[in-house]
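Since the structure comes first, as structure tokens, the remarks are kept for the end.
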Amino acid sequence: MQDRQTAERPLTRIQRKNRQTILEAALDAFSSYGFRGTTVDQIAELAGLSKPNLLYYFPSKEAIHAELLSMLLDTWLDPLRALDPEGEPVAEILGYVRRKLELSRDYPRESRLFANEILQGAPRIMEALEGELKALVDEKAALLADWAAAGRIADLPPHHLIFSIWALTQHYADFDVQVRAVLGPGHDPYAEAQGFLDTLFGKLLAPDQRNG
């Protein structure tokens with residue numbers, strides 16, 4: 001998506017900096033308060049800009065939110081795209097789990113932004129969910145099914161295997177406060193989760209665990 005500024009002419013260094021500042025501030029606001037609970041005034045205050053200055057770069061709250069979602073979806077899909085048909089199946093899937101956990105660790109605000117959008121019924125991203133995301137998941141689910149049919153991984157419902165990976169990795173970002181409250185001080189949730197998920201999925205995927 002291009003806003004009216006980038007459509008007209010290249011941005012100057014200051015303009016690029018201000019635009020990025022707005023997106024960072026909006027990410028904080030949207031991930032904390034959701035789309036409905038966030039206002040342009042809040043974003044402008046967090047960005048340290050006046051409201052008219054903000055609207056010079058983005059015409060509306062909706063435009064800022066759409067830009068963030070577009071950037072996020074591409075980042076979110078990259079680890080699944082990297083699942084290599086020529087690789088060793090269990091190693092490829094465990095690598096995907098690790099990459100998803102790293103995304104939760106490194107991009108917690110983005111994860112909560114996405115979760116908030118989904119909880120609202122995905123009104124601003126449904127086209128992408130039913131299009132690009134579904135097509136990629138279907139493609140990789142077919143790959144998982146081929147690996148299972150060849151006896152290289154356990155025979156598991158491939159779409160639900162992908163869903164379980166999402167649930168068990170994004171939980172650490174979306175419910176970070178709860179996770180840290182339960183574990184208490186001195187624990188690194190991500191370091192502990194990595195070993196657990198490697199063991200869990202390693203056992204789950206082992207071909208000798210197939211149920212027929």
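Observations, loosely collected:
- Picking from residues in segment 5-31 that are open to solvent by 20 Å² or more (accessible area, probe 1.4 Å) and touching a residue at least 24 places away in the same chain (Cβ under 8 Å), the one that is farthest from residue 177 (Cα to Cα) is 15.
- When segment 123-162 is filtered for residues that are open to solvent by 40 Å² or more (accessible area, probe 1.4 Å) and either under 19 Å from residue 198 (Cβ atoms) or of a type in the set (S, T, N, Q) (or both), the ones remaining, listed by number, are 152, 156.
- If you go through segment 41-62 and keep only what is open to solvent by 10 Å² or more (accessible area, probe 1.4 Å), within 18 Å of residue 11 (Cβ to Cβ) and of a type in the set (A, V, I, L, M), you end up with 47, 49, 55.
- Residue check, residue 55 among the aliphatic types (A, V, I, L, M) and either modelled with pLDDT under 95 or more than 27 Å from residue 130 (Cβ to Cβ) (or both): yes
- Every residue from segment 63-107 that is open to solvent by 40 Å² or more (accessible area, probe 1.4 Å), under 16 Å from residue 169 (Cα atoms) and within 12 Å of the chain's Cα centre (by Cα): 75, 78, 99, 102, 105, 106, 107
- Taking the criterion of being in a loop (DSSP other than H, G, I, E, B) and farther than 18 Å from residue 111 by Cβ, the residues of segment 175-194 that qualify are 184, 185, 186, 187.
The values are calculated or read from the model by the stated rules, or taken from the named source; none is laboratory data. These figures come from a predicted structure and were not determined experimentally. Positions of Cβ are backbone-derived with ideal geometry, glycine not excepted, and every protein chain shown enters the neighbour counts. Keep in mind that these areas ignore ligands, DNA and RNA; they rest on the heavy atoms of the full protein, side chains included. Shrake-Rupley method; radii C 1.70, N 1.55, O 1.52, S 1.80 Å.
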